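The values are calculated or read from the model by the stated rules, or taken from the named source; none is laboratory data. Note that the structure is predicted; figures quoted are calculated from it, not measured. Cβ sites come from the backbone with ideal geometry, for glycine too, and all protein chains shown count toward neighbours. Accessible surface areas use protein heavy atoms only, side chains included; no ligands, DNA or RNA. Shrake-Rupley method; radii C 1.70, N 1.55, O 1.52, S 1.80 Å.
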Amino acid sequence: MTRPVAVAITGGIGAGKSEALRAFARNGAATVSSDEIVHHLLRRPEVKRAVVARMGNGVVAPGGEIDRGALGTVVFNDREALDWLEELLHPLVAAEYLQWREQLAGLDNPPKVCVTEVPLLYETGGDARFDRVVVITAPSKLRRARSEVATEGREARFIRDEEKVKRADFSYKNTGSLEELDAFVKSVMAELSSS
């Protein structure tokens, strides 16, 4: 069984991790978003029950699903609630990711590279699960302009970009066009596919 090279994308809020993930997909990598995994997990009855028991019915949308906006409002205004939610979800996200990666390895024609984005990669020790790490950075003013959520307060828990760049295998300052990001990703894919 040949396991794909496992790549994590990390970086600050609004740096362009999701866009980089899409660029890897366009360039032939198998990709999964940690956000997609969280969406999936929040639909699991046991996870939903635990979240509602801890956070209250205010986080439930009219259709019965967890309202991620309401949940975000609660946890980003209550550090204890955020810590609790991360303790619940991080191990589950890691298990789902590892299962996905093993399923890829079991394919008749497995991809050479699989990629996911992990915002708190170094902060949670998640880098141990990956073969390579790509850090996407951007100036804070640009990141604030790109982000739909307020970055103040949320990024206090993040390791500084300079430290992430030192620890990563690849880094990209995302201040240019999508074509420039694609060119960077293409070069990373070429290097990973040849090793």
> Which residue, of R144, R101, is within 28 Å of V51 (Cα to Cα) and not β-branched (V, I, T)?
Replying inline: R101
> Out of (1) open to solvent by 20 Å² or more (accessible area, probe 1.4 Å); (2) in contact (Cβ under 8 Å) with a residue 60 or more places away in the chain, what's the single condition that is false for R49?
Replying inline: (2)
> From the residues in the stretch 52-66 that are in contact with a strand residue (DSSP E or B) (Cβ under 7 Å, 6 or more places away or on another chain) and more than 28 Å from G125 (Cα to Cα), which one is least open to solvent (accessible area, probe 1.4 Å)?
Replying inline: V59
> Can you tell me which of L92, L98, L71, L88 is open to solvent by less than 20 Å² (accessible area, probe 1.4 Å) and under 27 Å from I159 (Cα atoms)?
Replying inline: L71
> Which members of the stretch 70-101 meet the condition of being out of contact with any strand residue (DSSP E or B) (no Cβ under 9 Å at 6 or more places or on another chain) and either acidic (D, E) or assigned to a loop (DSSP other than H, G, I, E, B) (or both)?
Replying inline: F76, N77, D78, E80, D83, E86, E87
> Here are some conditions: (1) closer than 30 Å to V188 by Cβ; (2) at pLDDT 90 or above. A53 meets all but one. Which one does it not meet?
Replying inline: (1)
